[in-house]
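Read the structure below first, then the notes.
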Amino acid sequence: MNKRQAELDQIRAVAFAPDWRMRAVWLGFVAYVIYATGQLNFTWERFVVGLDRGATFLGRMFPPEFKRWELLAEGLLESLQIAIISSAVGILLSLPIGLLAARNLMPVAVTVPARAFIALARSFHPIIIAIIFVKAIGFGPLAGILALIFASIGFVAKLFAEAIEEISLKQVEAVRATGASFMGVVIMGVLPQVFSRFIGFATYQLDSNLRQSTMVGIVGGGGIGGTLFSAFRRFDYDFVCAILISIIAMIMIGELIASWLRKTFQ
Amino acid sequence: MSVTTNSPPSGPNWQRFTPAQRLARYAVYLVAVMALVWSVRNVSIIPEFLYDAHNQMADLLTRMWPPDLSYYPTTVHGALIETLHIATLGTILSIVMAVPIGLMAARNIVPFRVVNEFAKLILVASRSVNSLVWALLFVAIFGPGALAGTIAIAFRSIGFVGKLFAEAVEEASPGPVEALTAAGASWPALLLKGYWPQVQPAFWSIALFRWDINVRESAVLGLVGAGGIGLVLDTAMNFFQWTRVATILLAIFTVVVLAEILVTQIRKRLI
C-alpha cells in the first residue's frame with residue numbers, strides 16, 4: 001500500500017513538475033510592470049483625481065451639440081475626399097510597386113529597392129508621415145492626401161507582392177509560351193490570379209484610409225481632425241462629442257460598404 | 001471532333017459571372033470613378049502647392065541632413081524608452097481588460113445572446129475610436145503625460161485583442177471541455193484546463209502582434225501631449241530643428257524595425 005502511494009507520488013511529481021523557467025519569466029514580468037509603472041510616474045492619487053475629472057468631462061460632453069453642423073459636414077466631406085483620392089492613387093501606385101517587389105517575377109536588383117521603399121513607408125505611422133508633409137508643403141488636405149498615399153503603398157504593395165509570390169507559375173509559363181510580351185504575361189497570367197485578393201487589400205485600405213483621414217487633421221493635414229482638435233483646445237466638449245459621434249458613424253458606414261464590396265467581388 | 005472553322009464553338013456559352021454579378025461589378029466601378037471625380041473636383045487643394053511639392057520635400061530633406069546624433073543620448077533615448085514602456089504597459093493593461101470582455105463575447109463560454117452582443121458593442125466602440133482620439137480624451141482627464149498615453153493605448157487595443165481572443169475561444173474544440181465536464185470539473189478548471197491550452201498559441205500571437213502595432217502607435221501619442229517620443233518630435237519640429245527631427249525619425253524607424261524582428265523571432269519559437 002505504501003509502495004503504491006510512493007509510485008503515485010512519483011507519477012504526480014513528473015506529471016505536475018514545477019516549471020521553474022516559466023515561474024522565473026512570470027517573476028521577471030511582474031518586476032518589469034512594477035519598474036515601468038514607477039518610471040512613468042503612475043500614482044494611485046493621480047488616477048483617482050483623473051476619475052473625478054473624467055466624470056465632469058463626461059458631464060460636459062452631453063448632450064452633444066449639433067448646432068454647428070455645417071462646420072461638421074464640411075470637415076467630414078473633406079475627410080471623405082482625402083480618403084477617396086489617397087486610396088485611389090495609393091492603390092494604383094501599389095500595383096507597379098508590388099509587382100516590382102515580387103521576387104518570383106523580378107530580378108534581385110529590382111526587388112531590393114522596391115522592398116526597401118515599402119518597408120520605409122510601412123514603418124512610420126501615417127500621422128508622422130502627415131506631419132512631415134505638413135511641414136514640407138503647408139497645411140491643408142494635400143498634405144493629408146500625400147501622407148495617406150504613402151501609407152497605402154506601404155500596406156497594399158507589401159501584401160500585393162506577397163500575393164504575387166504565391167501564384168501558380170504554370171499559367172504564367174503558359175502565357176509566356178504563346179509569345180506574349182511582359183505586359184501580356186502580367187495582365188493575362190498574373191493579375192487574374194491575384195485580382196480577388198487585391199480587391200480585398202484595396203477595400204481594407206479604403207476602410208483604413210477613411211479612419212486615418214479623420215485623424216490627419218490633428219497635425220494640420222485637412223479634414224475633420226482639425227475641427228476636432230480645435231474643439232478640444234477650446235474645451236468645447238459638447239461639440240467634441242458631436243464630432244466623435246459623426247466620425248464613428250462615418251467609419252461604421254465605411255465598414256459596411258467595404259464588407260459589401262468584398263461580397264460583390266468574392 | 002476536328003476544328004476546321006473559325007466560328008465560335010457551339011454548345012453552352014460559359015460565362016464566369018451571372019448578369020447580376022457583372023452588373024454589380026460595373027456599378028461598383030462606376031460609383032468608384034464617380035466618387036473619385038467628385039473628390040478631385042471638390043477637394044480644396046491649391047494647385048501651385050502640388051506642383052511645388054517635390055521641391056519642398058527635397059528642401060526639407062536637405063535641411064534634415066545630416067542627423068544630429070549628439071541629440072540622441074541627451075533627450076531621444078529617454079523618450080524612446082518611455083515610448084516602449086507606454087506600448088508594453090498599454091498592451092498588458094489592454095489584455096487584462098480584453099480577456100474578460102472577449103470571454104463574454106464568445107458564444108461557447110457565455111450562452112446568453114444579450115451578453116454576447118453587449119461585449120461585442122464594447123469591442124466595436126474601442127476599435128472605432130482612433131488611438132489619437134483616445135489620447136486626447138485621456139489627456140483631458142488625466143492631464144498630459146505617459147499615464148494618458150498608456151491608458152489610451154490600452155483602450156484602443158481592447159477591441160482588437162478582445163475580438164481576436166473571442167474568435168480563438170469560439171474555435172476551440174469542445175472535446176476536452178466535455179471530458180472535463182464529465183469528470184465534474186469546476187467552472188474555473190474548465191476555463192484553465194479545457195480552453196486555455198487550446199487558445200494559448202493564438203493568445204500569445206495576438207498579444208505580440210498588438211504590441212508591435214502599439215510600438216508604432218505610441219510613437220505618435222506625444223503629438224497630443226500623451227508622452228513618449230512624439231512629444232520630443234513635436235518640440236523639435238516647432239523649433240524647426242530639422243537635424244534633430246531626422247535623429248528622432250531614425251530612432252523611431254530603428255525601434256519599429258527591431259520590434260518587428262523581435263516579434264517574428266518570438267513567434268517562430270512559441271508557435
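In the P(r) worked out for the protein assembly as shown, what percent of Cα pairs fall beyond 35 Å?
Across the protein assembly as shown, Cα pairs with separations above 35 Å total 45 percent.
With just the Cα atoms defining each centre, how far is the stretch A:57-77 from the stretch A:173-195? Give it in Å.
First find each Cα centre; the distance between them is then 52 Å.
In the stretch B:96-184, which chymotrypsin sites (Phe, Trp or Tyr not before Pro) fall in coil by DSSP and have 12 or fewer other Cβ atoms within 10 Å?
Hits after loop and neighbour filter: B:F112.
Among all helices in chain A defined by DSSP H, which have a length of 30 Å or more along the axis from Cα atoms plus a Kyte-Doolittle mean of at least 0.0?
Helix filter hits for chain A: A:69-101, A:237-264.
Using 7 Å Cα-to-Cβ label points, what is the A:D9/A:V33 separation (nm, one decimal)?
According to this spin-label approximation, the distance is 3.5 nm.
What does the helix-only formula give at 222 nm for chain A: each DSSP H stretch with n ≥ 4 adding -39500 (n - 2.57), the total divided by the residues, and the result rounded to the nearest 500 deg cm²/dmol?
-25500 deg cm²/dmol
So if I place +1 on the C-beta of Lys and Arg and -1 on the C-beta of Asp and Glu, and nothing else carries charge, what would the dipole magnitude of the protein assembly as shown be about its Cα centre? I want it in debye, nearest 20.
Roughly 920 debye, rounded to the nearest 20.
Distances over 22 Å make up what percent of all Cα-Cα pairs in chain A?
Pairs farther apart than 22 Å: 70 percent.
Excluding residues on the same chain fewer than 8 positions from B:K120, give the lysines whose Cα lies under 20 Å from its Cα.
Within the straight-line cut-off, B:K120 pairs with B:K163.
Assigning unit charges at the beta carbon (Lys, Arg +1; Asp, Glu -1) and nothing else, what dipole magnitude in debye, to the nearest 20, does chain B show about its Cα centre?
In debye, rounded to 20, chain B gives about 720.
Taking N as the number of residues in the stretch B:71-270, what is its alpha-carbon radius of gyration divided by 2.2 N^0.38 Å?
1.19
Taking DSSP loops as anything outside H, G, I, E and B, show the longest stretch in chain A free of chymotrypsin sites (Phe, Trp or Tyr not before Pro) there with at most 13 other beta carbons within 10 Å.
It runs A:17-234.
Give a quick list of chymotrypsin sites (Phe, Trp or Tyr not before Pro) in the stretch B:227-259 that DSSP marks as loop, anything other than H, G, I, E or B, with at most 10 other Cβ atoms within 10 Å.
Those that pass, being in a loop and sparsely packed, are B:F239, B:F240.
Bin by bin, in steps of 10 Å, what percent of the Cα pairs in the stretch A:14-147 do you find, going until the bin that has the longest distance?
For the stretch A:14-147, the binned pair fractions read 9, 17, 17, 22, 22, 11, 2, 0 percent.
In nm, to one decimal, how far is the A:L95 label point from the A:E173 one, both placed 7 Å along Cα→Cβ?
Distance between the two pseudo-spin positions: 2.8 nm.
Roughly speaking, what % of Cα-Cα pairs in the stretch A:97-220 are separated by over 26 Å, rounded to a whole number?
When all Cα pairs of the stretch A:97-220 are counted, 32 percent exceed 26 Å.
Every number in this text was worked out from the coordinates using simple rules, so none of it is lab data. Note that this is a predicted model, so its numbers are computed, not measured. Every residue, glycine as well, gets a Cβ built from its backbone with ideal geometry; the counts of neighbours run over all protein chains shown.
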